[in-house]
Every structure is written in structure tokens, then in C-alpha cells.
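Here's the structure we're looking at; comments come further down.
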Amino acid sequence: MSLESEAGLAGDVLPGALSESLHAELVAFRRDLHMHPELGNQEFRTTAAIKERLESAGLRPRVLATGTGLVCDIGLAEGERPAVPLLALRADIDALPIPDTKTDCPYRSTVPDRAHACGHDVHTTVVLGAGLVLADLHAKKLLSRPVRLLFQPAEEVLPGGALGAIGDGALDDVGRILAVHCDPRVDAGRIGLRHGPITSACDRLEIALDGPGGHTARPHLTTDLVTAAARIAIDVPAIVARRVDTRAGLAVTWGRIESGHAPNVVPQHAELSGTVRCLDLNAWRDAPDIVHAAIDEVATLHRAKSEINYMRGVPPVVNDRESTDLLRRAMVARRGMGSVESTEQSLGGEDFSWYLEEVPGAMARLGVRRPGERTVRDLHQGDFDADEHAITVGVEMFTAAAFLEADTTIS
């Protein structure tokens with residue numbers, strides 16, 4: 001299909017447009033999730049709500065072995081293996097451990113210190129809506145290729161619930177996987193796309209320093225752990241940045257440093273913790289060795305004993321060219337050329353990357369900013385909210401992708 005013909009397609013021509021009644025139902029579903037956020041691996045209510053709605057549509061969802069999250073195939077009989085690889089649509093379902101600070105919002109969180117402040121309730125609703133539309137089209141014999149829905153738990157829990165879902169067969173028979181992530185910098189009605197890396201790798205780092213301690217009047221007789229911790233905080237990021245290509249964007253950033261209890265006592269223990277982020281996949285693979293060596297050098301220089309806990313997080317999300325183009329074509333088919341914009345690589349991490357280590361796929365940035373709104377309600381902040389028109393946009397993009405994908409071959 002040519003770009004010109006795609007641009008001329010309207011939602012009522014290409015199957016899979018969202019009805020007003022289903023949009024209203026999905027908005028209510030999203031608001032219910034927003035009011036009842038659940039943390040990673042605790043999403044029992046969320047899982048049950050998704051399962052119940054899919055079953056009411058005649059589908060057979062399977063809850064993942066972890067007890068939360070589920071997969072559901074559309075267009076396959078029970079036990080049937082697909083003749084061609086499946087297209088998978090993925091959503092993450094967990095919330096964040098932060099308070100909802102919105103005011104005058106009828107659907108704000110009812111759970112203290114829990115909030116859907118990253119838009120996972122929107123992601124979930126979009127994939128659910130796409131599944132319901134595709135199930136209806138399959139019943140009408142209009143869906144020529146099966147599709148898998150994947151509702152994944154624990155995206156916010158490193159190294160991410162994606163690994164458990166993969167281990168439980170979520171990618172079996174899948175040839176391509178697609179996802180969206182809310183972007184409050186993009187207007188609702190539009191998406192942001194990028195071929196190649198669209199997020200960064202993200203690891204966590206904890207360091208414990210120990211020494212004999214002593215009196216601040218005689219620091220030369222002990223190990224000055226406060227100075228050692230301070231030098232690690234300052235010098236390690238600089239050393240690391242000089243040991244890889246600067247274009248790799250390998251960065252160590254601290255979020256916590258603690259040591260001591262009295263002004264005249266050199267402490268015996270100090271701690272630092274932070275994150276390691278990286279824009280380049282190959283540099284990320286070398287990052288643990290580089291970071292370890294830099295910490296050891298600085299700690300040794302200051303005669304501090306160091307214990308390093310380097311926790312692998314997630315690699316960058318690297319969008320496959322064909323999958324990115326599929327999302328672009330789907331969006332253009334629904335809403336025209338002006339609905340797609342280029343986006344930059346983010347330093348945020350996303351465990352969707354683990355799926356892309358196994359199969360080709362792509363993630364789009366789903367615009368959720370109310371057009372004309374000047375205040376950006378950023379992700380991971382308690383006042384985050386989304387323009388719910390984005391639900392229709394995401395659903396219709398995914399259903400369009402399912403039809404356009406049926407005309408291509410996944411190798």
C-alpha cells in the first residue's frame with residue numbers, strides 16, 4: 001500500500017475504528033484502574049478486571065504463572081498453533097509507589113501512596129480496547145491474521161516483569177511485538193516515533209564503604225570515609241564517562257549518599273546509591289566492568305574497603321525499522337501524515353527492551369497532552385494525567401497495524 005493511499009484512508013474505511021460506546025466503556029475502565037493502582041507483582045485486581053472483560057467478549061485469556069498479568073490470543077482455536085507468526089500487542093499494568101496529588105479529579109487514586117503516574121492504566125486500556133475490536137472483527141471473519149494480547153506485570157520492578165512473561169511463553173509463536181508509552185510532551189491525537197534506540201539502558205548501583213573510623217582531629221590515622229564517599233560521588237561519573245565513546249551516553253547519577261552521625265567522628269560506614277544509564281547497547285553490556293573498576297580505583301586511593309552491588313536493569317529499547325514503519329503506516333492510515341512526529345531518545349528505561357532482544361518490534365510514544373495545555377504533567381509525578389482521547393488513538397493505531405501487518409510477511 002502506498003503512502004498516498006494510506007494517507008487517504010479514513011477510520012471508517014479501514015476496519016477497526018472505535019465506536020463511541022466502546023470508547024466510553026474504555027474511559028470508564030481506565031478510570032477504574034486509575035482509582036485502584038497496584039504495584040508490580042501485586043496486580044491481582046487489575047488482572048481480574050482485564051480477564052473478566054476479555055472473557056465477556058468470548059476470549060480465553062491465560063493468567064501468567066506469577067499470578068498477575070495475562071496473555072490472550074485472538075483468531076486461534078484452543079490449542080491451535082498459528083500458521084504464521086503472531087503480532088503481539090503489549091501493555092504494562094503496574095503502578096508506582098507515589099501519592100496521587102491531583103485535586104478536583106473524580107477518579108484520583110483511592111490507595112494511599114499509590115498512583116498510575118506513568119500511564120500504565122492508559123497502556124492497558126489501549127491494548128484491551130484493541131483486543132475487543134479485533135475480537136469482534138474476527139467473529140465477523142474480517143481478521144485474517146491472529147493477534148496476541150500481552151498484559152505484563154511489574155514493569156517498574158527491575159529487571160522488569162517482561163523477563164518472567166517471556167519465560168512463561170508470552171513470545172512463543174510471536175513474530176513481531178508493538179507497544180505504546182504515554183508521552184506528556186506530545187499532544188493527544190499524535191504519536192512520536194523513532195527508528196533505533198528510543199530509550200536508554202538503566203541499571204541500579206549500591207556501594208557500601210567501610211573503614212576503622214576515628215576522631216576528626218586525627219583523620220590521618222584512619223580512613224576518612226566521608227571524603228572517600230564524596231570523591232566516589234564526584235570522580236566515578238567522570239572516570240566512567242572517559243572510558244567509553246561519549247556518544248554511548250554512559251552516565252552514573254547518584255540519588256543517595258549517607259555517612260556518619262556526629263560532626264567530630266570519622267564514621268566507619270558510608271553508602272551511595274544511584275543509577276547507571278546508557279544510550280548504546282554494546283556500551284551497556286560493558287558497563288558493569290567499567291563502573292566496578294572506577295569505584296575500586298577511587299576507593300583504594302582513599303584506603304576504603306568497598307562492596308559493590310551492581311543490579312542489572314534493562315537494555316535500551318531499540319525499535320526495528322520495519323516495526324516502526326508499521327506503526328507509522330497505521331497512524332497515517334487512521335489520522336493522516338500530520339499525526340506522526342519524530343521523537344528523541346529518552347534516558348528513561350523500559351523493560352519492553354527484553355522482548356526486542358528476542359523478536360523485532362517497536363514502541364510508539366502516545367501523545368497524552370491536552371492540546372493547548374501549557375503545563376506539562378510529567379511522568380512519575382503525582383499530578384500526572386492523560387487526555388483520554390489518546391485511548392481511541394492508540395486502539396485505532398493498533399487495529400490498523402493488525403490489518404496492515406496481515407499484508408506483510410514476518411520472517
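Worth a mention:
- Qualifying residue in region 293-301 (condition: free of Cβ contacts under 8 Å to residues at least 24 places away in the same chain, aliphatic (A, V, I, L, M), surrounded by fewer than 23 Cβ atoms within 10 Å (Cβ to Cβ) and farther than 30 Å from Glu357 by Cα): no
- Filtered by the rule that a residue be of a type in the set (Asp, Glu) and crowded, with 16+ Cβ neighbours inside 10 Å, region 302-322 gives Asp320, Glu322.
- One residue from His195, His181 being open to solvent by 60 Å² or more (accessible area, probe 1.4 Å) and either among the charged types (D, E, K, R) or closer than 30 Å to Pro146 by Cα (or both): His195
- When Glu357 is tested against (1) closer than 11 Å to Leu193 by Cα; (2) open to solvent by 10 Å² or more (accessible area, probe 1.4 Å); (3) within 19 Å of the chain's Cα centre (by Cα), just one condition goes unmet, and that condition is (1).
- Condition met for Asp173 (under 30 Å from Ala77 (Cα atoms) and out of contact with any helix residue (DSSP H, G or I) (no Cβ under 9 Å at 6 or more places or on another chain)): yes
- Filtered residues of region 60-86 (kept if under 21 Å from the mean Cα position of the chain (by Cα) and closer than 18 Å to Thr125 by Cα): Val63, Thr68, Gly69, Leu70, Val71, Cys72
- Per the listing Thr103, Thr124, the residue uniquely among the hydroxyl-bearing types (Ser, Thr, Tyr) and in a loop (DSSP other than H, G, I, E, B) is Thr103.
- Residue that is surrounded by the fewest Cβ atoms within 10 Å (Cβ to Cβ), among those in region 323-354 that are small (Gly, Ala, Ser) and part of a loop (DSSP other than H, G, I, E, B): Gly336
- Any chance Val244 is in a loop (DSSP other than H, G, I, E, B), free of Cβ contacts under 8 Å to residues at least 60 places away in the same chain and either closer than 24 Å to Ala162 by Cα or open to solvent by less than 40 Å² (accessible area, probe 1.4 Å) (or both): yes
- Asp32 open to solvent by less than 60 Å² (accessible area, probe 1.4 Å) and not in a loop (DSSP other than H, G, I, E, B): yes
- Odd one out for Asp387, checked against (1) free of Cβ contacts under 8 Å to residues at least 24 places away in the same chain; (2) within 24 Å of Ala24 (Cβ to Cβ): (1)
- Residue check, Ala283 out of contact with any strand residue (DSSP E or B) (no Cβ under 7 Å at 6 or more places or on another chain), of a type outside the set (Asp, Glu) and more than 23 Å from Thr223 (Cβ to Cβ): yes
- Search result, residues across region 198-228 that are more than 32 Å from the chain's Cα centre (by Cα) and not in a loop (DSSP other than H, G, I, E, B): Leu209, Asp210, Gly214, His215, Pro219, His220, Leu221, Leu225, Val226, Thr227, Ala228
Every residue, every condition in (1) within 28 Å of Glu322 (Cβ to Cβ); (2) in contact (Cβ under 8 Å) with a residue 12 or more places away in the chain; (3) touching a strand residue (DSSP E or B) at 6+ places or on another chain (Cβ under 8 Å), yes or no:
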{"site": "Lys51", "(1), (2), (3)": "no, yes, yes"}
{"site": "Leu54", "(1), (2), (3)": "no, yes, yes"}
{"site": "Gly69", "(1), (2), (3)": "yes, yes, yes"}
{"site": "Arg81", "(1), (2), (3)": "yes, yes, no"}
{"site": "Gly119", "(1), (2), (3)": "yes, yes, yes"}
{"site": "Leu150", "(1), (2), (3)": "yes, yes, yes"}
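The values are calculated or read from the model by the stated rules, or taken from the named source; none is laboratory data. Quantities reported herein were computed from a predicted structural model and do not represent experimental measurements. Note that we place each Cβ from the backbone using ideal geometry, even for glycine, and neighbour counts take in every protein chain shown. SASA here: full protein model, heavy atoms, side chains in, ligands and nucleic acids out. Shrake-Rupley method; radii C 1.70, N 1.55, O 1.52, S 1.80 Å.
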